[in-house]
Structures are given as structure tokens and as C-alpha cells.
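Undergrad: Structure in C-alpha cells, see below.
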Amino acid sequence: MARAIWTGSITFGLVSIPVGLFSATEDHTIHFHQFERGTADRIRNQRVNERTGEVVEYSDIVKGADIGEGEHVIVEPDELDAVAPGRSRSLEILDFVDLREIDPVYYQRTYWLGPAGEQNSGPYALLLEALRRTERAAIGTFVMRGKEYLAAVRPAEKVLAMETLYFADEIRDPAEEVPNLPEKRPSKGRELDMATQLIESMSGPWRPRNYRDAYQERVQKLIEDKRAGREIVTEAEPAEATEMSGLLAALERSVAAAKGRTKGNSNGRADKADKTDKTGAGKNGASKNGASKGGAGRGKQPDLADANKTELLKLARKHDIPGRSSMSREELAEAIRAAESSGRQAS
């Protein structure tokens, strides 16, 4: 059983509920040590005086606040301790707000709050159910590890969740930070209708287990392959930006593919392409526009002549074409045609 990383009480009005704070998430990132290339020598970080080059002991280090023009105000550790908020034993609730009004940009990190002792489970359950029924979050402040936090306590399925929040002055203004933002939003048009239809056709319930950290899996495989002395194969599949001139066609193809998936077709466009090939292909398994048996007809898998590089890369990966990541669009199309032709001859 995990130990609480903070213990205290949720207080609101004259009510006080003792609780413990537990981490709700864990980091599965693969961490590396540093080595000098070509050697087995570890690289260590040291605190070095930049003027003398000598290592400085931690006890001899003080902090300096940059006040501009190369000047700093030096602050001693005990001076910081004197103004620190201290260890708080109370999560003081200031307001109850509509949970839907909190913009996710304010969320920082999630914790679980549990009752501190069986004798406190009754008041704890009461608060949990009251928050659930009112669809409210309790907003308050508390101090942990010498830092004051703004927090939102919300109802989860069987437990109170606590989100540490950013303060308002910590949220950057996107208008000042993000360049090239559109000046106005499109209010109508075929593209907007198709984009809305695509979103609706791809919509479904939130199932977090459907998603995984594919990058970390590739890093782990890289480590295992290198340890076993196997060949390392990497590939890059950069997505080309969709131009406005081709946006509508790309949206229409995407909607058709999404509709194919929602009909219970596990292979999506590929299965629909096979069906088209059986019914509408001409001699030698090719349709009028030259798409081969592995390609799709109109509204299905895109014709090779019309497909962008990202779509061609997906087809090339399906056919396991070597060196595909370094090929041009024309080379990819030619390699896919050859692979499909070879597949027909083999069958």
C-alpha cells in the first residue's frame, strides 16, 4: 500500500475531513545515463565555479535572483526559509465552482485524496457524493514541500481527485505567444461541412486503454535490438501539409474511410477496396483509372495518382517496401504499383 505524500484536512465552513494525498499517475519514460562516446566512462554533473573551474560544495552555494543588466540579488537559504509558507495541514476550500467552467489549461497534476483512517470514511463519502450530484469542484489552497498550490477537488468514480492548478498569471496569452493565428473563423462552406462530418464520423466514447505510448515502445525495442546485436531499422514518415486547394478532396476521402470503419469493417478502406476490385475491376485486375487490385476506387482508398505522400507511405508500409522513407512521391507510387503487380502474379 502506497504511503501518503501529504496529510492534512479538507476544511470548508465548520467541516473538517482528514485526508491523505497520493500520486494518481506514474512516469514510464525510459531514462538514460550519459557516457563519453567510444568509452565506458560515465558523465557526471558537477557544480563548478565558472571563473575558477573548481568544484563547489553544495553547502557553499547560495541563490541569486537576476534583476537585469548582469546584476543579481543574493539570497541565503535561511532567508528563503523565513518567508516560506511552512508545512500546511489544511486544504482550505474557498469556493465551489461548476466543474465544466474550468479550462483544462489550468490543470497541472492529478492526485488522489483518500480518507485518513476508517473513522473518516463517512464524511469523506458524503463530500464525494455531494460534489458528484452538484457537478461542482472545490477550489482551495494548501502548502506542500514549501510551495503553495491552488487546487481543485473533484469527484472521480470512487475517490476524490485533486488537481493542482496553475494560477491565472501563469497562463500565457495565445494571442501574444502563437504566430499566424487566423483572423476570423469560417462560418460556412463545403469544407467546414465536411470537416464537421469527419469529426462526427470519428467520434466515440473515451476509452483510454485504446491509446499507448508508441514512441516509448519503439525506444524499448531499440534497446532490445541493440542488446541482441540485431540490425536497427528506422524510418521517417513526415506528413505533408494539406493545401487549401486539396483540402476538400482530402476531407471527402477521410469521411469515406471513417464511415467504412464505423460499419464494423476492421480493415477500413482496404477491405472496401478489395470489394470494389471484385466487382468493378477490368482485365488484369485494374480499373479504368489504372488503380491496381490493391488500390481503391472512387471514394475508397485513394488512387495512386491522386494520393499524397503520407497516404503513399502508409501503402508502402503495408507492402513492406524497403527504403520507403527516403523515396520521393513518384518513387513511392512506382514501388507500390510494382509490389501490387508482383502480388497478383504470385496469387
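Undergrad: Tally up the residues in the stretch 125-155 that are closer than 16 Å to Trp6 by Cβ and not aliphatic (A, V, I, L, M), please.
TA: Residues flagged as closer than 16 Å to Trp6 by Cβ and not aliphatic (A, V, I, L, M) within the stretch 125-155 amount to 8.
Undergrad: Identify, from the list Leu192, Leu165, Leu181, the residue that is among the aliphatic types (A, V, I, L, M) and closer than 19 Å to Thr11 by Cα.
TA: Residue meeting the stated conditions: Leu165.
Undergrad: A further question follows. Output the qualifying pairs, or none if there are none: Cβ atoms under 9 angstrom, residues six or more apart or on different chains, first residue in the stretch 153-165 and at pLDDT 95 or above, second residue of a type in the set (Val, Ile, Thr) and not in a strand (DSSP E or B).
TA: Taking only residues 6 or more apart or on different chains, the pairs are Arg154/Ile102; Glu163/Ile102; Leu165/Ile102.
Undergrad: Okay, moving on. Of the conditions (1) in a loop (DSSP other than H, G, I, E, B); (2) in contact with an Asp or Glu (Cβ under 8 Å, 6 or more places away or on another chain); (3) loosely packed, with under 10 Cβ neighbours inside 10 Å; (4) not acidic (Asp, Glu), Gly53 satisfies every one except a single condition; which number is it?
TA: It is condition (2) that Gly53 fails.
Undergrad: With respect to Glu118, is the statement that it is in contact with a strand residue (DSSP E or B) (Cβ under 9 Å, 6 or more places away or on another chain) and of a type in the set (Asp, Glu) true?
TA: No.
Undergrad: Kindly evaluate Leu99 against the criterion of being more than 22 Å from Trp6 (Cβ to Cβ) and surrounded by 14 or more Cβ atoms within 10 Å (Cβ to Cβ).
TA: So Leu99 fits the description; yes.
Undergrad: Within the stretch 1-39, can you find the residues that are without any contact (Cβ under 8 Å) to a residue 12 or more places away in the chain and β-branched (Val, Ile, Thr)?
TA: Correct list: Thr39 only.
Undergrad: Then there's this: Quick one: in the stretch 312-327, of everything that is out of contact with any helix residue (DSSP H, G or I) (no Cβ under 8 Å at 6 or more places or on another chain) and assigned to a helix (DSSP H, G or I), which residue is modelled with the highest pLDDT?
TA: Per the stated criteria, the residue is Lys314.
Undergrad: A follow-up question, please. In this structure, is Val48 surrounded by 10 or more Cβ atoms within 10 Å (Cβ to Cβ) and either among the charged types (D, E, K, R) or over 30 Å from Pro115 (Cβ atoms) (or both)?
TA: yes
Undergrad: Could you please let me know if Tyr111 is surrounded by 10 or more Cβ atoms within 10 Å (Cβ to Cβ) and aromatic (Phe, Trp, Tyr)? Lay out the reasoning, then the answer.
TA: Details: surrounded by 10 or more Cβ atoms within 10 Å (Cβ to Cβ): yes; aromatic (Phe, Trp, Tyr): yes.
Answer is yes for this residue.
Undergrad: Identify the residue in the stretch 146-159 that is in a strand (DSSP E or B) and among the hydrophobic types (A, V, I, L, M, F, W, C) and, among all such residues, is farthest from Tyr111 (Cα to Cα).
TA: Leu150
Undergrad: Still on this structure, I have one more. Does Thr7 qualify as being assigned to a loop (DSSP other than H, G, I, E, B), of a type in the set (Val, Ile, Thr) and at pLDDT below 95?
TA: On the way: assigned to a loop (DSSP other than H, G, I, E, B): no; of a type in the set (Val, Ile, Thr): yes; at pLDDT below 95: yes.
For Thr7, the condition - assigned to a loop (DSSP other than H, G, I, E, B), of a type in the set (Val, Ile, Thr) and at pLDDT below 95 - is not met.
Conditions (1) in a helix (DSSP H, G or I); (2) more than 29 Å from Phe142 (Cα to Cα); (3) not assigned by TED's automatic domain parsing to the domain that holds Leu160, marked per residue:
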position: Gly38; (1), (2), (3): no, yes, yes
position: Asp66; (1), (2), (3): no, no, yes
position: Tyr111; (1), (2), (3): no, no, no
position: Pro123; (1), (2), (3): yes, no, no
position: Leu127; (1), (2), (3): yes, no, no
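Undergrad: Taking the stated definitions as given, is Glu163 surrounded by 11 or more Cβ atoms within 10 Å (Cβ to Cβ) and in the same structural domain as Glu92 (by TED's automatic domain parsing)?
TA: Yes.
The values are calculated or read from the model by the stated rules, or taken from the named source; none is laboratory data. All figures in this text were calculated on a predicted structure; none of them were measured in a lab. Counting neighbours? That spans all protein chains shown, and the Cβs are built from the backbone with ideal geometry, glycine included.
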